[in-house]
1. Over all directions, average the projected area of the Cα convex hull of region 16-245 and note it in nm².
2. Compute the distance from the alpha-carbon center of region 289-342 to that of region 1-43, in whole Å.
3. I'd like the distance between the alpha-carbon centres of region 82-156 and region 219-242, rounded to an integer number of Å.
4. As a test, work out the antiparallel percent of DSSP beta bridges whose residues both lie in region 16-245, rounded to the nearest 5.
5. Counting pairs of alpha carbon atoms under 8 Å apart in space and at least six apart in sequence, what relative contact order in percent does region 16-245 give?
6. Show me the ranking of peptides 113-120, 160-167 by mean Cβ neighbours inside 10 Å, starting with the highest.
7. Highest first, please rank the peptides 332-339, 26-33, 92-99 by the mean number of other Cβ atoms sitting within 10 Å of their residues.
8. Among 231-239, 76-84, 4-12, what's the highest-first ranking by average C-beta atoms within 10 angstrom per residue?
């Protein structure tokens, strides 16, 4: 027996998301659609949104204290939004300069000031990880800018989009997050005419977000998302399970339509109408309502109850599939599963779960 125990399988955790894009594209509105958000608004961009927010931090110490208060549970929420990273870095730079009693970050000389800023900004990311460890999602927004980029193994330089933070802080955010989304207007350039008189015209302007790396921007995700998606929260709602369906609609927009489960890859969960069992027939025509009530008394969340009742699936079948995949022991009650696991793995991936249940039913004994 070794000194350390080896575990296997996925570990459901809250998601750390960084969203960046040009000003006015709707980053703050997009962040407001995350599950039960509370904003730390460093620049006043959420003023026209009906969202909950903490007082705008006037110092770096106040920003860190507000994040710590959320981690301690003093601010109930499902998602903490820091809007924006580049304005938070301004507070960080001011704190570093005040501590060293210099007027500006360049007064340190030879780029040393930005090294100190990088170390100090890392404290914020550590504090945000404490919020994540308390069971809350994290969203950090940032503005975007076009910068000149030159690869070491290529000739010449080219323009690309990057976060409007210092060159030292941007890599920290990219490495820290689970999902880096770049939002932009998709513009198509067409040629009008031929020869020397031909002119280029821009068409389009549809808002999209990119989830994978491209030579012209940084992006990543750990959830198998398509490389380009509409810049709408519904495009990523499946990652957040039931809590996404409860996210407040953006001001002026209707609330999201309630669904019995989240769709995965645009495929709705299969809902079948199996024949009632003899026991269910004895319960009468309202057996579904009685079954739902019985599951509720056992502590099963409503989103999972709806799928169990609609597909006539028993808790023992769920335990068998979960145990076979090695997530939890097969005799562990479903009510004891972590809520993130229920929302993300059972409800969020119900088509796959249900297929495994059907395969188990087909096994002859």
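1. On the way: hull surface 63.7 nm².
Seen from a random direction, the Cα hull of region 16-245 projects 15.9 nm² on average.
2. 26 Å
3. 26 Å
4. For region 16-245, the DSSP antiparallel bridge percentage is about 50.
5. Worked out over region 16-245, it gives 23 percent.
6. On the way: 113-120: 18.0, 160-167: 20.1.
For the peptides 113-120, 160-167, the packing ranking is 160-167, 113-120.
7. Working: 332-339: 14.4, 26-33: 22.5, 92-99: 18.0.
In decreasing order of mean packing, 332-339, 26-33, 92-99 become 26-33, 92-99, 332-339.
8. Ranked from most to least packed, the peptides come out as 76-84, 231-239, 4-12.
Rule-based calculations on the coordinates, nothing more; no lab input. This is a predicted model, so every value here is computed, not measured. Here the Cβ is made from the backbone with ideal geometry for all residues, glycine too, and neighbour counts use every protein chain on show.
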